[in-house]
Every structure is written in structure tokens, then in C-alpha cells.
Amino acid sequence: MRKLPRVLILWGVPGVGKSTYADWLVKEKGFVRVDSDAGGAGNTRAAKAWRVVLATLGTPQQFAALREFMKVAPYNAQPVVVEYGMLANEGGIGLLRLMRDSGAETWWFDGDRDAAFEAWKAENAKGSRDMADAKWREVVGIINDNMERITEFFGTNIARTIESGPTHAPPEETFKAMFGDGS
């Protein structure tokens with residue numbers, strides 16, 4: 001059993017269920033969600049700070065923006081879950097390292113690549129994704145090229161959330177694997 005973190009960062013293979021899990025954390029555990037696709041929802045200080053992070057990515061100001069986010073996010077009235085969708089390369093890991101070193105808990109979501117691709121295609125068919133299948137393959141290629149670095153960075157904080165077919169592990173099971181009962 002582990003206490004829930006104030007800031008939880010989810011990163012991983014597209015299609016493994018990060019969004020589903022983040023949505024579940026919002027509904028069931030009272031988290032506020034910010035992510036690299038949708039930005040920060042609402043007007044909390046954490047959401048506003050995350051929007052600045054997104055606006056400064058790739059600029060010299062990105063590290064200052066991340067530091068500011070990590071100053072305010074832990075003091076948000078509710079815990080914050082960040083679905084971090086940056087490329088899984090040294091630059092993305094560097095930004096994530098800054099957040100972890102500032103107190104965020106980081107988790108990599110992974111699983112069977114074929115199953116993740118099937119889940120991704122199912123989401124695309126619903127119109128809920130805007131990434132083409134070819135882009136998915138490119139992103140996963142970058143992940144595969146950097147898997148040793150990713151594994152080293154995340155250590156034991158790797159959740160396998162999809163193994164066969166386009167069906168993810170239920171969020172409750174993922175939560176228990178990560179935090180026990182979370183009290």
C-alpha cells in the first residue's frame with residue numbers, strides 16, 4: 001500500500017490505455033487531468049501552468065515553465081495526473097527527469113505492441129484520435145529505439161496494461177498494481 005502522489009506522470013506506447021486510466025483517476029480518485037494533447041483543463045493553477053509548458057516546448061523557456069508547473073502542481077487542491085505525450089527520446093526523458101526530480105511520480109505504460117496498435121486503430125475508427133497509423137508506427141519506432149533508456153529511467157514503474165486484442169487491463173487492476181489500495 002502506498003499513498004497516492006500529488007503529481008502523477010503517465011507516459012508510454014500509444015494505444016496502451018493512458019487516457020482511459022487518466023480519465024478513471026479523474027472520475028474515481030479525484031485527480032485533475034492535464035495532458036500534452038488537450039492541455040490543462042479548467043482554471044486551476046496547475047492547469048494554467050501546464051498550458052505554459054505546452055506553449056514553450058522546444059524553446060529555451062520550456063525548463064523554466066516545467067519548474068513553475070512543478071512548483072504549483074503539488075499544491076493544487078486535487079492531485080494532478082499528467083498524460084505526457086512527448087517523444088520517447090533523450091529530450092523527452094530529460095523533461096520528464098526534471099518533473100520527477102521535482103517530486104512527480106513517473107510511470108511508463110506498455111504492453112504488446114500489436115494489441116496496442118489494434119486499440120489505437122479502434123480509437124481512430126471512432127474519430128477520437130488525430131494521429132495516422134503511419135505516425136503511430138513512427139512513434140513506436142522511436143520508443144523501440146530508446147527502450148533501454150526508457151527501462152533504465154522508469155525502473156520498476158512500468159505498468160503492462162494491454163496484452164492481447166484491443167482490450168486494456170481494467171483501470172482498477174492497474175491502480176492496484178501501482179498503489180495497492182492507495183491509502
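In terms of Cα to Cα distance under 16 Å, which aspartates and glutamates are near enough to residue 135, apart from those fewer than 8 places away along the same chain?
Within the straight-line cut-off, residue 135 pairs with 37, 114, 118, 123, 145.
Would you mind working out the magnitude of the charge dipole of the chain relative to its Cα centre, with +1 at each Lys and Arg C-beta and -1 at each Asp and Glu C-beta, to the nearest 20 Debye?
On the way: 23 positive and 24 negative charges, 164 e Å.
Rounded to the nearest 20 debye, it is 780 debye.
Can you send over the carbon and sulfur percentage of the accessible area for the chain, probe radius 1.4 Å, protein chains only?
Values: 4630 of 9040 Å².
Carbon-and-sulfur percentage of accessible area, whole number: 51.
With bins 10 Å wide starting at 0, give me the P(r) of the stretch 13-110 over every alpha carbon pair, in whole percents.
P(r) for the stretch 13-110, in whole percents per bin: 16, 53, 30, 2.
In µm²/s, what is D for the chain at 10 °C and 1.306 mPa s, where D = kT/(6 pi eta Rh) by Stokes-Einstein and Rh is the Kirkwood radius from Cα pairs? Please list the in-between numbers first.
On the way: Rh = 16.6 Å.
Here the translational diffusion coefficient equals 96 µm²/s.
By how many nm would the segment from residue 3 to residue 67 grow when fully extended, if each residue of separation counts as 0.36 nm and the alpha-carbon distance is taken off?
Working: separation 64, 0.36 × 64 = 23.04 nm, distance 2.34 nm.
Here the answer is 20.7 nm.
In nm, to one decimal, how far is the modelled label at residue 48 from the one at residue 134, with both set 7 Å along Cα→Cβ?
The answer from the label model is 4.2 nm.
Using the scaling law 2.2 N^0.38 Å as the reference, what is the normalised Cα Rg of the stretch 83-142? All intermediate terms of the calculation are to be shown ahead of the outcome.
Working: Rg = 13.6 Å, N = 60, 2.2 N^0.38 = 10.4 Å.
Scaled against compact globular proteins, the figure is 1.30.
Looking at 127, 151, 74, which one has the Cα that reaches farthest to the positive end of the dipole of the chain (charges on Cβ: Lys, Arg +1; Asp, Glu -1)?
Result: 74, furthest along the dipole toward the positive end.
With a 1.4 Å probe and every protein chain left in place, work out the accessible area per residue of the stretch 1-133 in Å², rounded to a whole number.
Numbers: 6110 Å² over 133 residues.
It amounts to 46 Å² per residue over the stretch 1-133.
In straight Cα distance, which lysines are under 22 Å from residue 176, not counting same-chain residues fewer than 8 positions off?
3, 18, 27, 29
Would you mind giving the three semi-axes, in whole Å and largest first, of the ellipsoid equivalent to the stretch 64-114 according to its Cα gyration tensor?
Numbers: eigenvalues 99, 41, 13 Å².
Working from the Cα gyration tensor, I get semi-axes of 22, 14, 8 Å.
The values are calculated or read from the model by the stated rules, or taken from the named source; none is laboratory data. Keep in mind it's a predicted model, so treat the numbers as computed, not measured. As a convention, Cβ positions derive from the backbone with ideal geometry for all residues, glycine included, and neighbour counts pool all protein chains shown. Only protein heavy atoms, including side chains, enter the accessible area calculation; ligands, DNA and RNA are left aside. Shrake-Rupley method; radii C 1.70, N 1.55, O 1.52, S 1.80 Å.
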